[in-house]
Amino acid sequence: MNFVKKTDSDILGLIKKEEKRQKEGIELIPSENYASKQVRSVLSSCFVNKYSEGYPNKRYYGGNENVDRVEIMAQERVKKIFKVPFANVQPYSGSPANLAIYIATCKPGDTIMGQSLTAGGHLTHGHNVSATGIFFKTIQYGVKKSIGPKEDLFDFDEIRNLAVKHRPKLIWVGGTAHPLIFNYKKFAEIADEIGAYLASDIAHVAGLIAGGAHPSPAPYVHIITTTTHKTLRGPRGGIIMVTHKGLKKDLDLPKKINSAVFPGLQGGPHDNQTAAIATALFEAQQPAFRKYAIQIVKNSKALAKTLIEGKLPLIAGRSENHLILVDLTTTLGAGGGIFAQKALDMVGLTLNKNTVPNELSSPFYPSGIRLGTPASTTRGMKEKEMKSIGKMIVDIVKMLKPYKLPEDKNKRKDYIKNFEKEFEKNHKVKEIRQQVKKIALRFPIP
């Protein structure tokens, strides 16, 4: 950073501020994590200088002998960890990886099926504002309104009826705000019945699968996609895998996916990113990573228990993975998630507002919050810290009860600004902020 200080002090200042924010706060966004120093070092290595359109041993430029070896190494590590016969490690991130699946398996206008956004799905699973919802006919499935303590959120009879009626060519399983383990077998039965491709988006749980803390979809699905920066704890990137079942369905599927990624969607891969992904995969193969993945789930369950004890309603009433989704509709009213996110950010507990099943508001002003334990677990926090964090969240939410999102949309911005000014002055907020800082500084960031 000394060189940056001499040449670009403006950027250095912002880096320092961000370091301070991360060190003194606790990251609870379930899709964020801390890459190791080793991963970050490789990410800024000289591989950032190379251009390598194409694939190993089939490049458009020369000088790629080392890049080829790096990419092959990353592919082989993916195949070993996830027990698959094919891997493409070039996607710039998760969304392009998912879009490549459409190009490889469908034609514009084909019918696809995915979990709706408000029910915990992802934009790229067919939401109408995404390219996947614009260029394809999408059928969205949801979750049950209420379930028992050990029940699944999905109504598989309803999902099957939708699939049989609309005959999608591609079905997605996997979400971005789903607190339970996915029953890949039941989704496979539905997809197999109608002859559809079944793709599993494991972006959120890839690290849990690698560490043995979540079942793998590999025996049941044809295609797997993931990001590399969430529970897998790598740089920001994407991976596409074809399973043995996928090869049986279509022997040319790997070729189709390779062509969809390049030249279909991307130019040259980010070779420094590929190298850093390979490093993260090396770390994921170590015994310590297995302990880490197991601890993530333990922490999530402990945090969920504390929130429930504080009378905060959880979607599904529990967490089985790394993620918790809190429905604040009955506590703060429709759209209350915006107040919770902003208030918790003030005390250094960073999470995100999120839609909930049967959402009464909108994605901009949703009624829930989404939080998780990957980043805090990376720092070494355990059940004891989760209990403390959970109690502080409960305390903050209780303080928010006087605030309600105006029904008049024109009044919302001013109301929220006034709320922020007022809430920041509360002595209890300042007190909790110091408690968060005290905990955070005990657990260094890698």
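Relative to the Cα centre, the charge distribution of region 1-145, modelled as +1 at Lys and Arg Cβ and -1 at Asp and Glu Cβ, gives a dipole magnitude of about 320 debye. Measuring nothing but how far apart in sequence close Cα pairs (under 8 Å, 6+ apart) lie, relative to its length, region 1-148 scores a relative contact order of 11 percent. Histogrammed with a bin width of 10 Å, the alpha carbon distances of region 31-161 distribute as 10, 26, 29, 24, 9, 2 percent, first bin at zero.
Electrostatic bookkeeping for ALA316 treats Lys and Arg as +1 and Asp and Glu as -1; over the other residues with beta carbon under 11 Å from its beta carbon, the sum is -1.
Normalised by the number of residues in region 1-78, what is the relative contact order in percent for Cα pairs under 8 Å and 6+ residues apart? Can you show the working numbers first?
On the way: 24 pairs, mean separation 10.5, N = 78.
Over region 1-78, the number comes to 13 percent.
Taken along its three principal axes, the alpha carbon spread of region 143-234 comes to 40, 31, 19 Å, from the longest extent down to the shortest.
The alpha-carbon positions of region 342-431 define a convex hull whose volume is 114 Å³ per residue. Could you list, in their original order, any pairs among LYS382/LYS437; LYS20/LYS298; LYS169/LYS245; LYS387/LYS417; LYS398/LYS430 whose Cα atoms are separated by more than 19 Å? Check vs 19 Å cut-off fails for LYS20/LYS298; LYS387/LYS417. Could you work out, for region 288-441, what percent of all Cα-Cα pairs fall into each 5 Å distance bin, beginning at 0 Å and stopping at the bin that holds the largest distance? Binned Cα distances yield the sequence 2, 10, 19, 22, 20, 14, 9, 4, 1, 0, 0. Round to a whole angstrom and tell me the spacing of the C-alpha centers of region 387-405 and region 58-137. So the two Cα centres are separated by 39 Å. Look at ILE26, ILE294 and count the other Cβ atoms within 10 Å of each Cβ; fewest to most, that gives ILE294, ILE26. The simple Förster model, with R0 at 30 Å and r as the Cβ-Cβ distance, assigns ILE445 and ARG69 a FRET efficiency of 0.45. Descending by average beta-carbon neighbour count within 10 Å, the peptides 49-55, 237-243 line up as 237-243, 49-55, the highest first.
Below 8 Å, C-alpha to C-alpha, sequence gap of six or more: please give me the relative contact order for the chain in percent. List each step's numbers first, then the result.
Details: 903 pairs, mean separation 95.2, N = 446.
Once divided by the residue count of the chain, the mean separation gives 21 percent.
Within a straight-line Cα-Cα reach of under 18 Å, LYS107 can be paired with the following aspartates and glutamates, leaving aside sequence neighbours fewer than 8 residues apart in one chain: ASP250, ASP252. FRET efficiency for the GLN266 to ASP152 pair, using the beta carbon distance and R₀ = 45 Å, is estimated at 0.80. Annotation for region 300-358 versus region 197-253: alpha-carbon center distance of 27 Å. With the convex hull drawn over the C-alpha atoms of the chain, the volume per residue is 153 Å³.
Legend: translational diffusion of region 80-119 by Stokes-Einstein, Rh = Kirkwood radius over C-alpha pairs, 10 °C, 1.306 mPa s; D = 127 µm²/s. Among residues other than GLY335 with Cβ under 11 Å from its Cβ, the summed charge is +2 (Lys and Arg +1, Asp and Glu -1). Projecting the Cα atoms of PRO406, LEU303, ALA131 onto the charge dipole of the chain (Cβ charges, centred on the Cα centre) puts LEU303 farthest toward the positive pole. Placing +1 on the Cβ of every Lys and Arg and -1 on the Cβ of every Asp and Glu, with no other charges, gives region 43-284 a dipole of roughly 140 debye about its Cα centre.
Using only side-chain charges placed at the Cβ, +1 for Lys and Arg and -1 for Asp and Glu, the dipole size of the chain relative to its Cα centre rounds to 1120 debye. The convex hull drawn around the Cα atoms of region 348-393, when projected onto a plane and averaged over every direction, covers 4.0 nm².
Take each peptide in 253-264, 312-323, 414-425, count the other Cβ atoms within 10 Å of every residue, and average; sorted highest first, the result is 312-323, 253-264, 414-425.
Percent of Cα pairs in region 43-284 per distance bin of 10 Å, from zero to the largest separation: 8, 33, 36, 18, 5, 1.
Between ASN358 and GLN434, the distance separating the two model label sites (each 7 Å from Cα on the Cα→Cβ line) works out to 4.3 nm. Only residues of region 339-363 count here: report those whose backbone N is under 13 Å from the spot 7 Å along Cα→Cβ of LYS20, or say none. The answer is none. For the peptides 402-411, 119-128, 61-70, the ranking by mean Cβ contacts within 10 Å, running from highest to lowest, is 119-128, 61-70, 402-411.
No value in this document is a laboratory result; all are computed from the given coordinates. Predicted model, so just to flag it, every value in this text is computed and none were measured. We place every Cβ from the backbone using ideal geometry, glycine too, and count neighbours over all the protein chains shown.
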